[in-house]
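The values are calculated or read from the model by the stated rules, or taken from the named source; none is laboratory data. If you're wondering where the values come from, they're calculated on a predicted model, not measured in any experiment. Cβ placement follows ideal geometry from the backbone for every residue including glycine, while neighbour counts extend to all protein chains displayed.
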Amino acid sequence: MRLREEDARPGVSAEPYAPAGVSVLTKTRGFFVKTLAIAELEVRKLRHDFTELITRAVQPILWLVLFGGVFARAQLIPTGGLPYLDFMAPGILGQSALFVSIFYGVGIIWERDLGITNKFLVSPTPRAALVLGKALSAGVRALSQAVIIYAVALLLGVRLNWHPLALAGVLAVVVLGAALFATFSLIIACLVKTRERFMGIGQLLTMPLFFASNAIYPLSLMPEWLRVVSRVNPLSYEVDALRALMLRDGVSAFGLPTDYAVLLVTTGVLVAVGAYLYPRVVL
């Protein structure tokens, strides 16, 4: 084992020299292992309340079957040659991921009240790993909604793209989108700290995020001010990517690289903010 020359002098204990890259790789691997452990812990909770996934699927199914069916017959919304149900299905998948994750922060408040958050904070797990692990678990929950929406869309005759790469892209977008909004939800929980205020803010934000996006109508139909809001709404980029990947004839208005970049960068920034604020939930 190689020793550093300056440590080999008399009177100085010589210690093994470890290249800097090894420690960085070890820390990085440890970070991801701890992140996956937190995600697995959160996903395991579904075994105790699996019906939550079923009940959360009711609303997007109603949107597809009722709202989508009516507007498809009315033919009031120009969708660039796509049947309206085809245009709407990716938007409802994005909506479902949003609804699964936007109230995720209430669990952080419950954990604080039960004393679980204090145990997390005194553990050697990095705060960013705690936040990212919880965000990824929201993404796993959203994948179950994707399966249900794919099944309903298939029954309604939506022309889906079954290419393996497209399916993998859809899974990645759903996980990223759910992780993004789950982290946003966690930040809100750290700031408001009470369940009542959190639920009020969550309900206040859900519908504006959904309607100020391209989920159920194209950007071209929006007034200019709403179009600007939609372009800074992460849900618009999530739906845009889903529309390009999920449909047989789907295209991306912003470009898939832009969609992925916005989702990745926004999620990274929110994870950093969430890691900074997470200890404040107990103050």
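Computed values, structure above
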| item | result |
| --- | --- |
| Of all residues making up the range 29-86, the number that are modelled with pLDDT under 80 and among the polar types (S, T, N, Q) | 4 |
| Val175 aliphatic (A, V, I, L, M) and more than 21 Å from Asp259 (Cα to Cα) | no |
| Per-region count, the range 233-276, residues in contact with an Asp or Glu (Cβ under 6 Å, 6 or more places away or on another chain), free of Cβ contacts under 8 Å to residues at least 40 places away in the same chain and closer than 24 Å to Met207 by Cβ | 4 |
| Filter result for Pro126 (modelled with pLDDT of 80 or more and in contact with a Leu (Cβ under 8 Å, 6 or more places away or on another chain)) | no |
| Single condition Leu85 does not satisfy, out of (1) touching a Gly at 6+ places or on another chain (Cβ under 6 Å); (2) farther than 18 Å from Leu245 by Cβ; (3) surrounded by fewer than 24 Cβ atoms within 10 Å (Cβ to Cβ) | (2) |
| Answer residue from the range 219-256, given it is of a type in the set (Val, Ile, Thr) and not in a helix (DSSP H, G or I) and is farthest from Leu154 (Cα to Cα) among those | Val232 |
| Failed item, numbered, when Gln203 is tested on (1) farther than 30 Å from Ile109 by Cα; (2) loosely packed, with under 15 Cβ neighbours inside 10 Å; (3) of a type in the set (S, T, N, Q) | (1) |
| In the range 129-178, residue surrounded by the fewest Cβ atoms within 10 Å (Cβ to Cβ) [restricted to those that are in contact (Cβ under 8 Å) with a residue 40 or more places away in the chain and not in a helix (DSSP H, G or I)] | Gly157 |
| Test: residue in the range 191-210 that is at pLDDT 90 or above and more than 25 Å from Val232 (Cβ to Cβ) | no |
| Pairs, first more than 11 Å from Ala215 (Cβ to Cβ) in the range 82-99, second of a type in the set (D, E, K, R), C-beta under 6 Å, six or more apart | Asp86/Arg159 |
| Any hit, the range 182-199, residues being assigned to a strand (DSSP E or B) and over 28 Å from Glu40 (Cα atoms) | no |
| Residue satisfying all of: in the range 206-218; of a type outside the set (A, V, I, L, M) and part of a helix (DSSP H, G or I); surrounded by the fewest Cβ atoms within 10 Å (Cβ to Cβ) among these | Pro208 |
| Hits in the range 74-121 - residues which are in a loop (DSSP other than H, G, I, E, B) and not β-branched (Val, Ile, Thr) | Gln75, Leu76, Pro78, Gly80, Gly81, Leu82, Pro83, Phe103, Tyr104, Gly105, Gly115 |
